[in-house]
1. Residues to consider are Lys84, Lys65, Lys61, Lys21; find the one that is basic (Lys, Arg) and in contact with a helix residue (DSSP H, G or I) (Cβ under 8 Å, 6 or more places away or on another chain).
2. Can you go through Ala87, Ala2 and tell me which one is more than 11 Å from the chain's Cα centre (by Cα), at pLDDT below 95 and either surrounded by fewer than 21 Cβ atoms within 10 Å (Cβ to Cβ) or among the basic types (Lys, Arg) (or both)?
3. How many residues are buried (at least 16 other Cβ atoms within 10 Å of the Cβ) and under 19 Å from Tyr102 (Cα atoms) when one looks only at region 19-60?
4. Step by step: first the residues of region 5-18, then only those that are closer than 14 Å to Asn60 by Cα and among the β-branched types (Val, Ile, Thr), then the one that is surrounded by the fewest Cβ atoms within 10 Å (Cβ to Cβ). Which residue is that?
5. Could you grab the pairs with beta carbons closer than 9 Å, sequence gap of 6+ or different chains, first residue in region 41-59 and within 20 Å of Lys84 (Cα to Cα) and modelled with pLDDT of 95 or more, second one acidic (Asp, Glu) and buried (at least 20 other Cβ atoms within 10 Å of the Cβ)?
Amino acid sequence: MAKKHHNVYVVELDDAVLRDKKFVEANPDYDPFLTPMYVGMTGLDPKERFRNHKRGYKSNKYVQKYGLHLLPRIYDCYNPMSYKEAAAKEVSLAEDLRADGYAVWQH
């Protein structure tokens, strides 16, 4: 049985990220009234992973520059899970949020 110590997490991004051409091109149908987000997965606690992003350690440039805070109300119900489950949930959660109109970066 796979160990369940991986997590998905969601970060609210500052609206200033919507001035980034690459970010906007990845989200052609976003609703400008909804907050932009980043969806990731980690073997760490999401709080520790967010701190790593902000200090530039293995960080995503959008989270490092525009990350405001975690949104545990969106992801807590899924954690923890196996690596395989987390990898799949990262993708599906980003797709679901995009389908709801959010601008999302997922790597």
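The values are calculated or read from the model by the stated rules, or taken from the named source; none is laboratory data. Quick caveat, the model's predicted, so the values are computed rather than measured. We place every Cβ from the backbone using ideal geometry, glycine too, and count neighbours over all the protein chains shown.
1. Among Lys84, Lys65, Lys61, Lys21, only Lys65 is basic (Lys, Arg) and in contact with a helix residue (DSSP H, G or I) (Cβ under 8 Å, 6 or more places away or on another chain).
2. Ala2
3. 11
4. Among those residues, the one meeting the criterion is Val17.
5. Within 9 Å, the pairs are Met41/Glu90.
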